[in-house]
1. Please provide three numbers in whole Å: the alpha-carbon extents of segment 2-146 along the principal axes, with the largest listed first.
2. Of Thr55, Ile108, Pro32, which is farthest towards the positive pole of segment 1-118's charge dipole, taken about the Cα centre with +1 and -1 on the beta-carbons of Lys, Arg and Asp, Glu respectively?
3. At what distance in angstrom do the alpha carbon centres of segment 1-76 and segment 87-108 lie from each other?
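Throughout, read-outs are computed from the coordinates displayed, never taken from laboratory work. Predicted, not measured: the structure shown is a model, and the values here were computed from it. All Cβ positions, even for glycine, are placed from backbone atoms using ideal geometry, and neighbour counts span all protein chains on display.
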Amino acid sequence: MIQIARAHFEQLRAHASQAYPNECCGALLGEPGEPGSIRVREIVSCENAAAKPSTGYKIADEDLARIQRESRARGLQICGFYHSHPDHPADPSASDLSDPCWTGHYIITSVVAGVAAPGVAKETKSYRLLLENGSRRLLPEELQVLPEE
Ligand SMILES: [Zn+2]
């Protein structure tokens, strides 16, 4: 299960709207909790460094290294990532399973063209990437949005 504050949830969905028709991406920072469960404490919006940002996302290595450094200094760790699927459901794509080199939690928001805003965020789902016997699996997990603290 992943737990995230309402403000952070809205923030990553807003990022998905703004990035449309491209994919957005960012990191989820949290504290280690119960095995398989994470409480997101901060989210870090990133530039999408993919060669074709409309169909994929990539966080530059130097960005990732900096986020890791800064989060460690504050007692947090990268517990996963978020990204968006423009004009596609919030289900994992083939590359979502093949690309990530981090086990952890992956939040996906689907977004469609909007009138007032570039994009309108639709459903948001979360998955947990597991490595089992050398093969990867993305398991749907409960996403709990917490009221303001
Ligand atoms: Zn994806």
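1. 41, 33, 31
2. Most positive-ward Cα: Pro32.
3. For segment 1-76 versus segment 87-108, the Cα centre distance is 13 Å.
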